[in-house]
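The structure under discussion appears below in the form of C-alpha cells.
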Amino acid sequence: MNNETHISTFARLLATENISVRHDKNAETASFNVVDRILTLPRWKVVDSHLYDMLIGHEVAHALWTPGDMDEESGCLAACVEIDPEHPEHAMGFLNIVEDARIERMIKNKFPGLRRDFNAGYSYLHNDLDLFELSCDQSKIAKMGLTDRLNVHFKLGILGIVAVPFSADEQVYVERMETTDTWEDVIELARDLYEKAKREQEQADVNMIDIEIGADGEPIDGEENEDGQEVPGNFADARLEPETADVLQGMEREKQRQYHNDADQVVDLPTPRLDNMIIESDVLSQWWDDHIKTGSGTYLDSGCDAIRKECVEWMRSEQPTVKNLVKQFEMRKAADEHRRTMISKSGRLDTVKMIDYKWSEDIFAKNTIVREGKNHGIVIFVDWSGSMCDVIEPVMKQALTLAMFAQQANIPFEVFAFSDRMHSKPWEEGDQSKDLAENYWNQGPTPGYDSPEVQDENNDCDWEKLNRMRLGRAATVRLFRFLHSGMNRRDFQSAAEIFYLSAIGNCYGREGVTCCPPSMLQLNGTPLDDTILAAHEVVMNFRRRNNLQVVNCAILTDGCGASHGFQDCSLRNPYTGIVYGDRPEHRQGQNRMTSTNLLLRSLRETTGCNLIGMYLHSGKNPHNCWGWVKDEYNSYAYGESENTKKQKKTWKDENFCIADGDSASQYDEAYIISAGTKVKQEMELPEASQVSHVKLRNTFVNNLKRKGMSRTLIRRFVEMIAR
C-alpha cells in the first residue's frame, strides 16, 4: 500500500464507516461532504505531520456526528433554514463554529491520542501560518464579535496559545458551548448567537443612518433603490456572518504547498539482480592471484606476504577487544534471558523441601519457563570509494573486528564493500557491455550524453532531457562479499587476509609495506544510494536464509553519495508500494529529505532492521564531518552551543561522539569515530609487592592517559545490536 492508501484506511477506521476518501492536489484544505459521505484531503508539503492528522480527525468527526439533512429549495443545511428561513446562508457560519467546537471535543474524547495532534496542529497554524492573523497584534481579539471570539477560544484559547476576553454576560455562551452534546443543542446555541449578532448589527446600522463621514471628512453617498431614493449601504449583509467562520478553508495555498508540484515526479525504484551484483570472496582471491602472477614479480609477492603476516599479527592483537565485545554481548543476552524467565509454583509437593515444612511454606515444586529469545544477525557495508583513501585502513579494521566478534558470538554476518568500479575502462579495448547498469538492475537502458534520444536539433546533448530520463535509474554497483558466517575458520582467515590486503593497497600515504591492488579492487565512486536500494533485498534474503528475528545493518562510510538518479523526486518502494518524499515526515525543515535519507528510511521500514551508521573521521574536530553533526558553524559565528561543547568533550575523552546531524537522522544510532584508535584494554598494573609505591602510581597515571576507543562505545554498540 502507498501512503495515500494508509491515510484512507486511517480515516475509515476513525469514522468506523467505509467512507469515500479522495486525495486532491487542488484542495486548499480537508473537507467532508456530509450528504455524499466523501472525505476530501489535500496533498500538502507541511512541516508538521500532526496538522494533517488533525485535519483528518476534524473532518472524520463531522462524518460521525454532523447530520447531512439538506433543504432542497435553498440548497443549505436544513438546520440553517430552521435558524433563518429567509436567509439560511447567513446562519451557516454560526452553525459551523458551534459544531466545530462540539465535534472536536467529541473526537478527542473518543480517540485520546488525537489530542496531541490537535494541540500541535493548531499551534502550527497559529505560529507558522497565522491562522487568525493575530501574530502582529493580539489586541485584535478584543475587537472581534462574540462568535469570532468563541471560535478563537475553542481553537486556540483552550490550548493556552492565546487569551480571549469575555464579559460576564458573554461567559454564559462560553459555558453553553462547552456543554453542547447533541445536534439540537448546536442549533439552539447557533440560533441565539445569530439573533444576538443581528440585533447588534441592526443597532449599529441605526446609529449610522443619520450621516456617515468618510476618511476625507465628506459625507458618504448611499446606494439608490429601485425608486431612485438613496439608502445607506447594506452593512448587515456584509458583516453579519462571523469573519473567522471559514478560516481553515481560507488558508493561503502558497503557505501550504502541495506535496507534488507540477515539476515533481514519483519514480518507481528498480530491484537489483544480486547474482550479477555480488562478487564472492573466492573470486576476489582469484583476482589477487592473477594480479600477483602478472604483476612485478618478487617485489609484489613479497609485499603481499608481509601484509598477510601483518594481518595475522593484528588479528591476534585484536583478540582481547573481540573477547570484550563477546563478553558484553553474552552479558546482555543473559540479562535479557533473565527478564524472559518466569518461575511459578506447580502445586506439587517437592519431596526435598518437605522436611522444612515446620518453618517454611515453600515446599512446592516450581516450574521455570523461559520465553523464546530473538535470533540476531548483522550485515556490514563498507564504502569502497576514493574519498575513503585516508581512512580505509581503520574502516577495514573496524569491519573486520565486528566480523570477528560475530564469528565468536555465533551471530550470522556478512561483510560487503560497495563500489562502482568497472570491469574495463573506456580507453581500454574489450567488451564493455557487462558494465551497463541494466545488467545489475531490473530496469531499461540508461541513456548517455551521446544517445540519439537526448540530442537536440544541433546534435548537442539536451542535459535537461537527459537528467529527466535518468530519474529513477540506478547506477552500476558491485558488492564485494569479503566475509560471511558460512566460512570455516581456515576460509575466514584467508578471506580476512584478502580484505586486509585490499584495504592496505588502497591506503593513501601509508608508511611501511604496501602494494597495489588489482584494478577491480581499487577505490572508485560512491554509489551509496544504489547500495542502500540493493540492501533492501540483501537484508531480506539474509534474514530469510538465517531465520532471524533481528537484523542489524551497519554502514561504514564518509556519508556522501554520488547518485543522481534518485535526486529531486519522490521514490516508490518496489516491495511495499509506499512513496517516500510525499509526506510531512519525509521533510527536514522546509525541504524534502535527501535521496540517501529517504532510501535509509525505506530500508528500515521495509526490512525492520536496526540501522547503524559509522563515520570514521581522521581529523581532530568531529564538527568537520559535514552533515553528521548539528551546530557546525556556531563556533565561527555565535560561540559554541551546549550541544557542541558536549560533543567535543565526548570526542576528546572517548574518541567518538554521537552523530545527530541531518545525514545521520535516519539511522537508529550513528557514531563519528576517531580513525586509527583502538579499544582500551584492561589496565595492567604490576604486583604491588614487586614495585615501589611511586612506580605503581606512575603506571596507573600512564594507563589513564593512554588514548583509545572508549568502552562507552562498545557498550552502546552491543546494546544496539542485542535489542
### Task
Could you list all residues from segment 441-486 that are part of a loop (DSSP other than H, G, I, E, B) and of a type in the set (Lys, Arg)?
Arg473
### Query
Of everything in segment 463-476 that's buried (at least 16 other Cβ atoms within 10 Å of the Cβ) and of a type outside the set (A, V, I, L, M, F, W, C), which residue is nearest to the chain's Cα centre (by Cα)?
Gly472
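Residues checked against (1) under 27 Å from the mean Cα position of the chain (by Cα); (2) of a type in the set (Phe, Trp, Tyr); (3) modelled with pLDDT under 85:
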| position | (1), (2), (3) |
| --- | --- |
| Arg37 | no, no, yes |
| Trp44 | yes, yes, yes |
| His90 | no, no, no |
| Asn119 | yes, no, no |
### Query
Under the condition of being modelled with pLDDT under 85 and of a type in the set (Ser, Thr, Tyr), which residue from segment 477-525 is surrounded by the most Cβ atoms within 10 Å (Cβ to Cβ)?
Thr514
### Task
Mind telling me which of the residues Leu95, Leu125 ends up being modelled with pLDDT under 85, part of a helix (DSSP H, G or I), buried (at least 21 other Cβ atoms within 10 Å of the Cβ) and among the hydrophobic types (A, V, I, L, M, F, W, C)?
Leu125
### Task
Please name all residue pairs, on different chains or six or more residues apart, with Cβ atoms under 6 Å, provided the first residue is in segment 157-177 and is assigned by TED's automatic domain parsing to the domain that holds Ala142 and at pLDDT 90 or above and the second residue is among the aromatic types (Phe, Trp, Tyr) and exposed (fewer than 12 other Cβ atoms within 10 Å of the Cβ).
none
### Query
Residues in segment 623-643 that are buried (at least 17 other Cβ atoms within 10 Å of the Cβ) and either closer than 17 Å to Ala675 by Cβ or at pLDDT 80 or above (or both): how many?
5
### Task
Collect the residues in segment 385-414 that are buried (at least 20 other Cβ atoms within 10 Å of the Cβ) and in a loop (DSSP other than H, G, I, E, B), keeping them in residue-number order.
Val391, Ala409, Ile411, Pro412
### Task
Kindly establish whether Ile107 is within 31 Å of the chain's Cα centre (by Cα) and either outside the structural domain of Thr147 (by TED's automatic domain parsing) or touching a residue at least 24 places away in the same chain (Cβ under 8 Å) (or both).
yes
### Task
Sort out which residues of segment 55-78 are at pLDDT 85 or above, aliphatic (A, V, I, L, M) and surrounded by 21 or more Cβ atoms within 10 Å (Cβ to Cβ), and write them in order of number.
Ala61
### Task
Take segment 170-193 and flag every residue that is more than 39 Å from the chain's Cα centre (by Cα) and either in a loop (DSSP other than H, G, I, E, B) or closer than 22 Å to Asn119 by Cα (or both).
Glu170, Val174, Glu175, Met177, Thr179, Thr180, Asp181, Thr182
#### Entry: Checklist (1) polar (S, T, N, Q); (2) surrounded by fewer than 20 Cβ atoms within 10 Å (Cβ to Cβ); (3) assigned to a helix (DSSP H, G or I) applied to Ser167, failing item
(3)
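The values are calculated or read from the model by the stated rules, or taken from the named source; none is laboratory data. From a predicted model like this one, the values you see are computed outputs, not experimental measurements. For neighbour counting, all protein chains shown are included, and Cβ atoms are generated from backbone atoms with ideal geometry for every residue, glycine included.
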